[in-house]
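> Just dropping this structure here.
No lab work stands behind these numbers, since they all come straight from the coordinates. Source: prediction; values computed, not measured. Backbone-built Cβ (ideal geometry, glycine too); neighbour counts: all protein chains shown.
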Amino acid sequence: QVQLVESGGGLVQPGGSLRLSCAASGFIFRRYAMSWYRQAPGKQRELVATVTNSGSTNYADFVKGRSTISRDNANNTVYLHLNSLKPEDTAVYYCNTYYQFKDYWGQGTQVTVSS
């Protein structure tokens with residue numbers, strides 16, 4: 001079955017950086033787009049970035065220029081580098097893929113930006 005396992009979250013000061021990882025299994029990873037979403041307390045889940053199976057990337061305006069999504073098809077892993085972090089980036093970050101007409105999610109990793 002499809003499994004997505006995120007890691008790399010934590011507490012970071014404003015202006016700091018983090019690298020989130022998502023290890024995928026249960027499907028042919030290289031064939032599918034992968035995305036990162038986030039959900040802050042009391043807010044809806046929102047798309048952060050997507051990398052297609054061909055490596056094309058798209059970013060939400062609120063992270064554009066300070067975030068990089070990448071994938072390692074040899075290791076079935078997708079990454080999200082977050083730079084110049086702001087307190088408003090505080091959220092649970094989720095890995096996602098759409099496989100066989102269904103959305104799959106990881107358990108999420110907490111990112112807290114605070115001094």
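> What is the gain in length, in nm to one decimal, between ARG66 and GLU46 on full extension, counting 0.36 nm per residue of separation less the C-alpha to C-alpha distance?
On the way: separation 20, 0.36 × 20 = 7.20 nm, distance 1.69 nm.
Difference between extended and current length: 5.5 nm.
> Calculate the spin-label point distance for GLU88 paired with VAL5, positioning each point 7 Å from the Cα along the beta-carbon direction, and give it in nanometres.
With each label point 7 Å from Cα toward Cβ, the separation is 3.5 nm.
> Treating only the Cβ atoms of Lys and Arg (+1) and Asp and Glu (-1) as charged, compute the dipole magnitude of the chain about its Cα centre; round to the nearest 20 debye. Working shown, then result.
Values: 11 positive and 7 negative charges, 31 e Å.
Computed about the Cα centre, the dipole is about 140 debye.
> Tally Lys/Arg at +1 and Asp/Glu at -1 over every other residue whose Cβ is under 11 Å from the Cβ of LEU82; what's the total?
On the way: positive: ARG19, ARG38, ARG66, LYS86; negative: ASP89.
Once all neighbours under 11 Å are counted, the net charge is +3.
> With a 10 Å radius around each residue's Cβ, average the other Cβ atoms per peptide and rank 24-31, 64-71, highest first. Spell out each step's value before the answer.
On the way: 24-31: 14.6, 64-71: 16.2.
Put in order of decreasing packing, that is 64-71, 24-31.
> Once amide H atoms are placed 1.01 Å from N in the peptide plane, what residues at a sequence separation of 5 or more from VAL48, or on another chain, have their amide H within under 5 Å of its amide H?
Counting only residues 5 or more places away or on other chains, the set is TRP36, TYR37, ARG38.
> Could you calculate the contour length gain from ILE28 to ALA74, that is, 0.36 nm times the residue separation minus the distance between their Cα atoms, to one decimal place in nm?
Details: separation 46, 0.36 × 46 = 16.56 nm, distance 1.09 nm.
Net length gain for the segment: 15.5 nm.
> So what's the net charge close to SER21: Lys and Arg +1, Asp and Glu -1, counting the other residues with Cβ under 13 Å from its Cβ? Please list the in-between numbers first.
Details: positive: ARG19, ARG71; negative: GLU6, ASP72.
Result for the neighbourhood of SER21: 0.
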